[in-house]
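The structure appears right after this line, and notes come after that.
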Amino acid sequence: MRKALTVVLLLTISIAGYSQMGIGVRLGDPSGITFKKYNGDNALELSIGRFSQRNSGFFNSRFDIWFDDQQFGYTDVNFQSFKSSAPIGLQVHYLMHKDWFASEFDGLQWYYGFGGQLRAQTFTFAYRYKIDGNSNWINAPNEKVTDLDIGADGVLGAEYEFEDVPIRIFTDVTLFMEVVDNPFLFWFQYGIGGRYMF
């Protein structure tokens with residue numbers, strides 16, 4: 001009986017529009033699953049999924065950094081190519097919601113907040129090198145490297161809650177700053193998506 005009353009109470013709250021959690025899909029950085037827990041005008045958001053692929057210049061630069069750290073002592077080196085996995089990551093944000101400025105946009109809010117991210121990716125470098133006194137190139141074995149980025153970010157977005165269905169849609173932009181392993185490297189990110197409220 002007690003369990004039945006609890007279910008009825010939760011159902012009544014849900015029908016009344018008091019939705020405190022949402023789960024859905026996010027497209028952008030990252031593209032994946034998003035979960036949001038509301039507490040009044042504040043919310044905690046967690047998104048996990050795949051981030052956008054970086055351009056080839058990034059991997060060329062990462063090879064230079066990686067190679068310098070190895071201290072092989074070769075007289076000449078030639079970076080040839082790379083293969084990379086999809087960058088997978090996690091975002092966590094604490095958000096403050098505000099009603100939209102114009103009263104005719106009922107259900108529309110803007111929000112801002114801060115948080116952090118963790119992203120991981122593996123890539124394989126192909127390169128060749130020369131040894132002192134030898135004019136011939138030597139092909140090195142392919143080197144597999146794991147890149148782990150951790151940092152802080154700030155986010156600004158907008159969210160719309162439909163009146164008759166338990167759905168919210170959103171869009172946001174994020175400025176991410178790496179702390180580990182490339183301090184003070186900045187990335188702009190974006191996202192759109194929707195969540196089912198329960």
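In the range 138-178, which residues are at pLDDT below 95 and surrounded by fewer than 15 Cβ atoms within 10 Å (Cβ to Cβ)?
Ile138, Asn139, Pro141, Asn142, Lys144, Thr146, Leu148, Phe162, Glu163, Asp164, Val165
Going through the range 39-64 one residue at a time, which ones are among the small types (Gly, Ala, Ser) and either in a strand (DSSP E or B) or touching a Pro at 6+ places or on another chain (Cβ under 8 Å) (or both)? Can you show your working first?
Our first condition is that a residue be among the small types (Gly, Ala, Ser); within the range 39-64, this holds for 40, 43, 47, 49, 52, 56-57, 61.
Answer for the range 39-64, where residues must be among the small types (Gly, Ala, Ser) and either in a strand (DSSP E or B) or touching a Pro at 6+ places or on another chain (Cβ under 8 Å) (or both): Ala43, Ser47, Gly49, Ser52.
Show the residue pairs meeting these rules: Cβ distance below 6 Å; 6+ apart or different chains; first residue within the range 126-155 and in a loop (DSSP other than H, G, I, E, B); second residue surrounded by 13 or more Cβ atoms within 10 Å (Cβ to Cβ) and of a type in the set (Val, Ile, Thr).
So the pair list comes out as Asn142/Thr124.
Would you mention how many residues in the range 102-116 are in a loop (DSSP other than H, G, I, E, B) and touching a residue at least 24 places away in the same chain (Cβ under 8 Å)? If you could, list the steps in order and put the result at the bottom.
Applying the first criterion (in a loop (DSSP other than H, G, I, E, B)) to the range 102-116 yields 102-107.
After this cut, where a residue has to be touching a residue at least 24 places away in the same chain (Cβ under 8 Å) as well, the list is 106-107.
Residues flagged as in a loop (DSSP other than H, G, I, E, B) and touching a residue at least 24 places away in the same chain (Cβ under 8 Å) within the range 102-116 amount to 2.
Please indicate, with yes or no, whether at least one residue in the range 91-108 is within 22 Å of Phe184 (Cβ to Cβ), touching a Phe, Trp or Tyr at 6+ places or on another chain (Cβ under 6 Å) and surrounded by 15 or more Cβ atoms within 10 Å (Cβ to Cβ). Break it down stepwise before answering.
Initially, the range 91-108 is screened for residues within 22 Å of Phe184 (Cβ to Cβ), giving 91-93.
After this cut, where a residue has to be touching a Phe, Trp or Tyr at 6+ places or on another chain (Cβ under 6 Å) as well, the list is none.
The answer is no, given that none of the residues of the range 91-108 is within 22 Å of Phe184 (Cβ to Cβ), touching a Phe, Trp or Tyr at 6+ places or on another chain (Cβ under 6 Å) and surrounded by 15 or more Cβ atoms within 10 Å (Cβ to Cβ).
Is it true that Arg119 is in a strand (DSSP E or B), among the basic types (Lys, Arg), surrounded by 15 or more Cβ atoms within 10 Å (Cβ to Cβ) and under 20 Å from the mean Cα position of the chain (by Cα)? Let's see the steps before the verdict.
Details: in a strand (DSSP E or B): yes; among the basic types (Lys, Arg): yes; surrounded by 15 or more Cβ atoms within 10 Å (Cβ to Cβ): yes; under 20 Å from the mean Cα position of the chain (by Cα): yes.
Considered against the rule, which asks whether it is in a strand (DSSP E or B), among the basic types (Lys, Arg), surrounded by 15 or more Cβ atoms within 10 Å (Cβ to Cβ) and under 20 Å from the mean Cα position of the chain (by Cα), Arg119 comes out as yes.
The values are calculated or read from the model by the stated rules, or taken from the named source; none is laboratory data. Since the model is a prediction, treat every value here as computed from it, not as a measurement. Cβ sites come from the backbone with ideal geometry, for glycine too, and all protein chains shown count toward neighbours.
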